[in-house]
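Notes follow the structure.
The values are calculated or read from the model by the stated rules, or taken from the named source; none is laboratory data. These numbers were taken from a predicted model, which means no experiment stands behind them. Cβ: placed from backbone, ideal geometry, glycine included. Neighbour counts: every protein chain shown. These accessible areas exclude ligands, DNA and RNA; they are computed on the full protein's heavy atoms, side chains included. Shrake-Rupley method; radii C 1.70, N 1.55, O 1.52, S 1.80 Å.
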Amino acid sequence: MKKSEQEKTPYVDALKKYLKGKYTGFDVPGHHQKPLHTELSKLYTSRIYKYDVNAPRGLDNYMNPTSVIKEAQDLWADFTGAKRARFLVNGSTSGILIMLLSCLKADDKIILPRNVHKSVINGLVLSGASPVFIMPEIDLCTEIVNQISFENWKKAIDENLDAKAIFIINPTYFGATCDLEKIVKYAHSKNMLVLVDEAHGTHFYFNDKMPINAIKAGADMSTLSVHKSGGSLTQSSVLLINNDNITDYMVSKSVNLITTTSPNNTLIASLDAARKFMVFNGQKILDRILEIAKFAQSEISKIKGFKVRAREHFLKNGAYDFDETKLVIEIDKLKLNGFDIYNLLKDKYKIQIELAETYLFLCILSIGTTKKDIIKLIKALKSISSKYYDENIKYEDHHYFKSFPTIFCRPRTAFHAPLKVVNYKDALNEVSKEMIMIYPPGIPIIIPGERFSKEVIDQLEYYEKINTKVLSDHKDGKVSVIDFENWNNSEDKK
Ligand SMILES: Cc1ncc(COP(=O)(O)O)c(C=O)c1O
């Protein structure tokens, strides 16, 4: 396809045409595009209703696209180099579920890093697949999880030659990437599919200074949260399919299984529009963002109490490459932890950052970032430094809970087993029925089917002590475990 073809926005054009028709509606949504006077129309103007249509003739069928949605998807596939593309209206969360459901059956083995997003664990429950976890490199300085080296991927692949697929996170939330090309090549040489969580990497497709993208590296499937770094609206994502053996039939069945039958047309239109915008502006805008990132890195590093951790640091800690749009700031000798800074920046300085951990916080620089925004951030950090820096502060030794619990059964088996609720402090050796994590960054501490170890309990105790919100089924320190006494049905145990 010629680049000029990328000027087209088939779905947006069809939507415009439909809206121009001024049809009298007897369909859903029930507001029938009327300017309802609600709190929402006061906030957004009543156009929020005018543009909200369902799936009338002319706007294609999301589940089995054949016209304007398909054309818009083909434009994404063409530009990214993938064989096919599917639009998603429930984020990369749904992209991950669809990848697992399309490629794996119950009991199929998949090799994956421990720091997977919670949707992967849900995908294991739905598909019935068996996980083989690999521990990524841990950066003890910042206490964050990095990448997995090629050698460790190779070892895991060699030890599990019966695995159907490997699952790679590239980049991580913090911008660390792995040696994707080499890992893909090795996995393919052992007949394993390569599925990539590229939720944080949409911009890799639109600027040549970014780390290599999954499709260029030869991966079989990848999911992009276009809403995170590609300029579309929240929830809209794209699934890229790069292997003809993963058929349209398999993918469509999975899309149908987990997606609403009322996909939001504004999200679909935003994917069509974002692609055109990024194709023609991504290189220039992201070049500017990289310059802004360099400026931010250098200015913030001069402020006492803050250390910017960028390429050099990440490469020393197990990453193969680094996405400079992630501004990772370590806290050094401040009378505040990352969570305090998150709150202070929001409440006092009107700055919303992406996430905080104990010793660091993360700011995302993306296509909407301006130099003015960075200057405001620098000013706020200088003010915080002047109030809270204390060179006599000594932090306790940084630590990270390095191992993960042993697996007793597949996540799906634990999901269906009977429930017992116990206090986490009494859960030693119990088998979890739930996934427990802190969010962000959403790394599971324990998943369904794993045994509570002393280390898991210590970890929960630690987060309780420092008042970090732990996501679990319960809010009062209780956890869901398997009730072995009432688990008599041998079918359940399969
Ligand atoms: C690594 C990773 N994968 C997947 C997702 C899910 O993406 P989405 O929010 O588009 O559903 C997230 C969300 O933050 C994420 O951080």
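At a glance:
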| item | result |
| --- | --- |
| log₁₀ of I(q)/I(0) at q = 0.06, 0.08, 0.10 Å⁻¹ - the chain, Debye sum with one point per alpha carbon | -0.30, -0.54, -0.85 |
| Interatomic Cα distance distribution for the range 12-166, bins of 10 angstrom, percent | 9, 23, 25, 20, 15, 7, 0 |
| Rg [Å, one decimal], Dmax [Å, integer] - the range 3-278, C-alpha atoms | 19.9, 63 |
| Rg to Rh quotient for the range 354-464, alpha carbon positions, Kirkwood Rh | 1.14 |
| Apportionment of accessible area to carbon and sulfur, the chain, percent (1.4 Å) | 51 percent |
| Computed over the range 282-388, Cα set: Rg, Dmax in Å | 13.4, 40 |
| Largest-first ordering by accessible area, 1.4 Å probe, given options Tyr51, Tyr173, Tyr388, Tyr44 | Tyr44, Tyr51, Tyr388, Tyr173 |
| Largest-first ordering by accessible area, 1.4 Å probe, given options His227, His313 | His227, His313 |
| Accessible area (Å², 1.4 Å probe, nearest 10) - Lys155 | 120 Å² |
| FRET efficiency estimate (nearest 0.05) - Cβ-Cβ, Thr247 to Lys316, R0 45 angstrom | 0.55 |
| C-alpha center-to-center spacing [the range 18-53, the range 282-353] in angstrom | 41 Å |
| The chain - accessible surface per residue (Å², probe 1.4 Å) | 46 Å² |
| Hypothetical label at His32: residues of the range 3-24 whose amide nitrogen lies under 15 Å (7 Å Cα-Cβ projection) | 22-24 |
| Coordinate range along principal axes, alpha carbons of the range 411-493, Å, largest first | 41, 24, 20 |
| Computed over the range 114-271: relative contact order in percent, which uses C-alpha pairs under 8 Å that are six or more apart | 14 percent |
| Sequence of Arg451, Arg410 from largest to smallest accessible area, 1.4 Å probe | Arg451, Arg410 |
| Kyte-Doolittle at least -1.0, axis length at least 20 Å by Cα - qualifying DSSP helices, the chain | 265-301, 371-388 |
| Rounded to the nearest 10 Å², the accessible area of Cys409 at probe 1.4 Å | 20 Å² |
| Among 365-371, 216-222, 233-239, the order from most to least packed when residues are scored by Cβ within 10 Å on average | 216-222, 233-239, 365-371 |
| Cross-link table Lys326/Lys379; Lys105/Lys420; Lys164/Lys316; Lys307/Lys371; Lys2/Lys83; Lys155/Lys209, entries beyond 26 Å C-alpha to C-alpha | Lys105/Lys420; Lys164/Lys316; Lys155/Lys209 |
| Approximate spin-label separation Lys20-Asn191, in nm, with each point projected 7 Å along Cα-to-Cβ | 5.5 nm |
| Computed over the range 3-278: relative contact order in percent, which uses C-alpha pairs under 8 Å that are six or more apart | 22 percent |
| Where labels lie 7 Å past Cα in the beta-carbon direction, separation of Leu257 and Asp108 in nm | 0.9 nm |
| Computed helical MRE - 222 nm, the chain, DSSP H runs ≥ 4 contributing -39500 (n - 2.57), nearest 500 | -11500 deg cm²/dmol |
| Mean Cα-pair separation over length for the chain, i.e. relative contact order, pairs under 8 Å, 6 or more apart, % | 14 percent |
| Net +/- balance of residues flanking Val251 in space, Cβ distance below 12 Å, scoring K and R +1, D and E -1 | +1 |
| With all protein chains modelled, accessible area of Asp476 [1.4 Å, Å²] | 100 Å² |
| Distance (nanometres) between label positions extended 7 Å along Cα→Cβ at Asp347 and Asn429 | 4.5 nm |
